[in-house]
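Report on the following structure.
Laboratory data are not the source of any read-out in this text; all were calculated from the coordinates shown. These figures come from a predicted structure and were not determined experimentally. So basically every Cβ, Gly included, is an ideal-geometry build from the backbone, and we count neighbours across all protein chains shown.
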Amino acid sequence: MAFGFELVADDGGASADPVTARVVPPNQAPLVSAGPDETIFSPSTLLRGVVTDDGLPLGSSLTTSWSAVSGPGIALFGSPLQPASSVQFTASGSYVLRLTASDGSRSASDEVRVTADVTNVAPSVSAGADQTIVFPQTTLTLSGVATDDGLPLGSTVQVVWNQISGPALASFSERFSVSTNASFPAAGRYVLSLLASDGDLLGSDELTVVVEDGNAAPSVDAGGDQSVTLPTNQITLFGFASDDALPAGSVVSYLWSRVSGPAAVSFSNPNAASTLATFEASGDYVLRLTVTDGLLSGSDTLGVHVEPGPPLGPAPSVAIVSPTERQAVTDFTEVVGTVSSEALVSWTLESEGTRIASGTTAVSNGVFGVLDPTLLQNGLHEIRLTATDTAGRTAVDTVFVVVKENLKVGQFTVSFVDLEVLGWQRVEWFVVKVPQAVDRLNRNALDFIGLGVTGDDTVSLCAVVR
């Protein structure tokens, strides 16, 4: 602080020059507060000292420092040259700490008493909640927690996972980390522990992991082998399946199919455990009942022998009247003909192995079905008419036609992604794509979608950092 004065002498003549004088007050010692006394139940606390000064001497710098006056152990200051500083104590008891401030000429100080209880406590540990997994899952993530009081000073908490009991030896991806993946090779009850040490005391916690027996495929019984004699060409199938009700909430589904046999088999309800099967010709058949629980499938087969009956009258007679041999087909064309038999079981009209129509009654110069040339490549194609009677006698007639011109979409291929699987691997997504190719006129290809579909064995992977 300075004060200015002006002294003027006047003799009635010319004015005199002014004279200025500065008066500076005396330097005062800094004002220091070390903060209030306190009692703590930990090895450390924050000291909140306050220092103010009058700025004198001019150009001087204010300095501060903490020091320990007394105590049963050592006081370690985090910022000993700042009014606000953390402090750690190595032993329990009462400490007197001093905060000193100096302006280079005068100094002042203040003291604070801190009573500290620094008894070391074992780390607090949580291994997490008990868990249950079901095969085929064999790995789960363990997320433990370990906290400590920071004692002894300078110590670092170390953790380790251990197995206490279990039907087999579990493995840990990161055994010395609170978070780890644990793998279990067999079903059963596992007890795991998470142990934490501060170098002096130990803390631990346990959790139980139950690995349940996994989902099993349904057990299926298609029933015993059967036989029937024509003209009776139907039997009732009595299938049965039992399941373990896994996955949870799943419902089993049924499917009857023909594995082998001389002719087609139709089922009144192929998705029922019990159904009526109809056979188009005599011979030996193998039928399969497949049951799925949505994840796994089980199946069973049975044999059916269809015995021919005694001959009744002449053998079946068949004839294709239209179209005629080598006739050009450019549009949808009706197939006309005759099937006659005194003991007819069935007749079938096919082209290139694909059924156009079928029936169980005689036809006299009638329309069997319609040939669709849009499904055929241009060229020579066979139309086949077959009839079977109760004695197992068969009659066949064939006609070759020429499919031509452009009443069709034409041959083309479409490629698309039929399946996309997303997964999580650390911080990266990966995409597995199973491409499918559709060949419009490749009728021999049968894959995921059905007729005219081929699968591409290529699996492409694309990793994208999120």
Legend entry - Inter-label distance, nm, simple model (7 Å from Cα along the C-beta direction), T361/S317: 2.1 nm
Inset, instruction - Report, please, the projected area of segment 295-400 averaged over directions, based on the convex hull of its C-alpha atoms, in nm². - result: 9.6 nm²
Legend entry - Simple spin-label estimate for N181 and V402 in nanometres, 7 Å along Cα-Cβ: 6.6 nm
Legend entry - Estimated FRET transfer efficiency (N271, V191; beta-carbon r; R0 51 Å; 0.05): 0.65
Inset, instruction - Enter the Cα centre distance for the pair segment 362-411 and segment 247-323, rounded to the nearest angstrom. - result: 24 Å
Legend entry - Radius of gyration and Dmax over the Cα atoms of segment 124-212, both given in Å: 13.8, 47
Inset, instruction - Starting from the Cα-Cα distance between T301 and S257, subtract it from 0.36 nm times their residue separation and give me the gain in nm to one decimal. - result: 14.9 nm
Inset, instruction - Step through the residues of segment 97-108 one at a time and calculate ³J(HN,Hα) from phi using the Karplus curve (6.51 cos²θ - 1.76 cosθ + 1.60, θ = phi - 60°), rounding each to whole Hz and writing x for Gly and Pro. - result: 10, 10, 10, 10, 10, 9, 9, x, 10, 10, 9, 8
Legend entry - Extended-chain gain in nm, criterion 0.36 nm per residue less alpha-carbon gap, T278 and D213: 19.3 nm
Legend entry - Spacing of the two label points (7 Å from each Cα toward its C-beta) at E38 and F135, in nm: 5.9 nm
